[in-house]
Amino acid sequence: WTKLIPTLREEDSELWVTWNPEDDESATHKRFRLSDDPLYKVVEINWRDNPRFPAILERQRQRDMRERPDQYAHIWEGDFKSIVEGAYFANHLNAAKQEGRIGRVPADPLMTIRAFADIGGTGARADAFVFVIAQFIGKEVRVIDHYEVVGQPAAAHVNWLRSKGYTPDRCQIWLPHDGATQDRVYDASYEGFLRQAGYRVTVVANQGKGAATARIEAARRVFPAIWFNEDTTVGLRKSLGWYHEKKDEKRRVGLGPEHDWSSHSADAFGLMCVAYEEPKAKGREPAFVPRKIV
């Protein structure tokens, strides 16, 4: 666009652009759809706006709705392509949207806030550090916030928690098993640092070689009970919509979860689901700790 637009040299010339949105970070979306230029005219049109929409396309639309629910919103409704084909949680995210479990989900001030982490490093090329913030209320899991950064020290994560009101008197933290190990840069564990900051910390035991699969299966079981606060969980839902299995195309076999940009948030989400199910596995309901507001 930077090169093309200056070639429209004639006075009152027009540039017409039509496209099916792919990504809210795309240059086309940002330049035209988000622009406040009064000379830009933006119109959203869809299949239902076509008075001559043919029967053959209506049959195809209905078929896609049934057979490809994870792709339907992008293909037919103009939504961004937030779910990759074959993603582990594609159908679950689609069901959450259809059932109205993605919307305004405020935190309950009387209930414990739970922060589930995936550990990242402090180097510029380190894995991302993630918090998935949730509350367990009755049989519901309410995901109210999401945090993901790269290369920041532990103090930055604590500052974010406090800035959001997730203070030690209200918030408990769950770490994966590597949260108890030493950071290579600061020679201190996340568990120890967070405890020094006043937080109650639980380190989830190492689940062994099948840990990633166990988190995925736990998430699939718990997903029907999960509600998402729409505005603050966009990044998390993008990650869940992309998280998929790595394939050996020659042998056509699965190689386990793909370790890419989406896996860090997906792992923290899976840790949350494992923690939710753990008390039930031990024969008791999850503990819900109300907080007295002074």
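The values are calculated or read from the model by the stated rules, or taken from the named source; none is laboratory data. Not measured: the values here are computed from a predicted model. Using ideal geometry, Cβ is built from the backbone for each residue, glycine included, and neighbour counts are taken over all protein chains shown. Calculation scope for accessible area: heavy atoms of the full protein, side chains included, ligands and nucleic acids excluded. Shrake-Rupley method; radii C 1.70, N 1.55, O 1.52, S 1.80 Å.
Tell me what the chain gives for mean residue ellipticity at 222 nm when only DSSP H runs of n ≥ 4 count, each as -39,500 (n - 2.57), the sum divided by the residue total, rounded to 500 deg cm²/dmol. Kindly include the intermediate steps, with their values, before the conclusion.
On the way: 8 runs with 88 residues, N = 294.
Rounded to the nearest 500, the figure is -9000 deg cm²/dmol.
If you add up the charges near Gln172, with Lys and Arg at +1 and Asp and Glu at -1, over every other residue whose beta carbon is less than 10 angstrom from its beta carbon, what do you get? Could you put the intermediate results ahead of the total?
Details: positive: Arg114, Arg170, Arg200; negative: none.
So the environment of Gln172 carries a net charge of +3.
Roll a 1.4 Å probe over the protein heavy atoms and report the accessible area of Leu175 in Å², nearest 10.
0 Å²
Loop only per DSSP, at most 11 neighbouring Cβ atoms within 10 Å: give me the trypsin sites (Lys or Arg not before Pro) in region 1-70, ordered by residue number. Mind showing how you got there, number by number?
Values: sites: Lys3, Arg9, Lys30, Arg31, Arg33, Lys41, Arg48, Arg52, Arg59, Arg61, Arg63, Arg66; in loops: Lys3, Arg9, Lys41, Arg52.
Answer in residue order: Lys3, Arg9, Lys41, Arg52.
Determine how large the accessible area of Trp19 is when every protein chain is in place; take a 1.4 Å probe and give Å² rounded to the nearest 10.
So the heavy atoms of Trp19 present about 90 Å² to solvent.
Please compute the contact order of the chain in relative form: average sequence separation of alpha-carbon pairs under 8 Å and at least six residues apart, divided by the residue count, as a percent.
20 percent
Percent relative contact order of region 1-158, based on C-alpha pairs within less than 8 angstrom and at least six residues apart? Before the final figure, lay out the partial values.
Numbers: 153 pairs, mean separation 21.0, N = 158.
Relative contact order here is 13 percent.
Send over a whole-number figure in Å² for the accessible area per residue of the chain, probe 1.4 Å. Working shown, then result.
On the way: 17570 Å² over 294 residues.
Dividing the accessible area of the chain by its residue count gives 60 Å².
Using a 1.4 Å probe on the protein heavy atoms, what percent of the accessible area of region 22-122 belongs to carbon and sulfur?
Working: 3260 of 6300 Å².
Using a 1.4 Å probe with all protein chains present, region 22-122 comes out at 52 percent carbon and sulfur.
Lys209: which aspartates and glutamates have alpha carbons under 18 Å from its alpha carbon, excluding same-chain residues fewer than 8 sequence positions away?
Asp118, Asp178, Glu217, Glu245, Glu258, Asp267
Among the listed pairs Lys3/Lys238; Lys97/Lys139; Lys3/Lys247; Lys139/Lys246; Lys30/Lys97; Lys3/Lys41, which are separated by more than 27 Å between their Cα atoms? If you can, show how the numbers build up before the last one.
Values: Lys3/Lys238 31 Å; Lys97/Lys139 19 Å; Lys3/Lys247 38 Å; Lys139/Lys246 33 Å; Lys30/Lys97 25 Å; Lys3/Lys41 21 Å.
Result: Lys3/Lys238; Lys3/Lys247; Lys139/Lys246 exceed 27 Å.
Given 0.36 nm per residue, what is the gain on full extension from Ala27 to Glu44 after removing their alpha carbon distance, in nm?
Numbers: separation 17, 0.36 × 17 = 6.12 nm, distance 1.76 nm.
Roughly 4.4 nm would be gained on extension.
Pulled fully out, how much extra length does the chain show between Glu217 and Ile56, if you take 0.36 nm times their separation in residues and subtract their Cα-Cα distance? Please report the intermediate quantities before stating the final value.
Details: separation 161, 0.36 × 161 = 57.96 nm, distance 3.85 nm.
Stretched out fully, the Glu217 to Ile56 stretch lengthens by 54.1 nm.
Once you list every other residue whose beta carbon is under 13 Å from the beta carbon of Trp160, what net charge do they have if Lys and Arg are +1 and Asp and Glu are -1? Each step should come with its number before you reach the end.
Values: positive: Arg162, Lys164; negative: Asp145, Glu148.
Once all neighbours under 13 Å are counted, the net charge is 0.
Pull up all non-local amide H partners of Ile102: gap of 5 or more, or a different chain, and H-to-H distance under 5 Å with H placed in the peptide plane.
Answer set, sorted by chain and number: Phe228.
Read through the labelled values [x] 18.8, 62; [y] 22.4, 75; [z] 26.9, 80 and report the label of the one computed as Rg and Dmax of the Cα atoms in Å from the structure.
[y]
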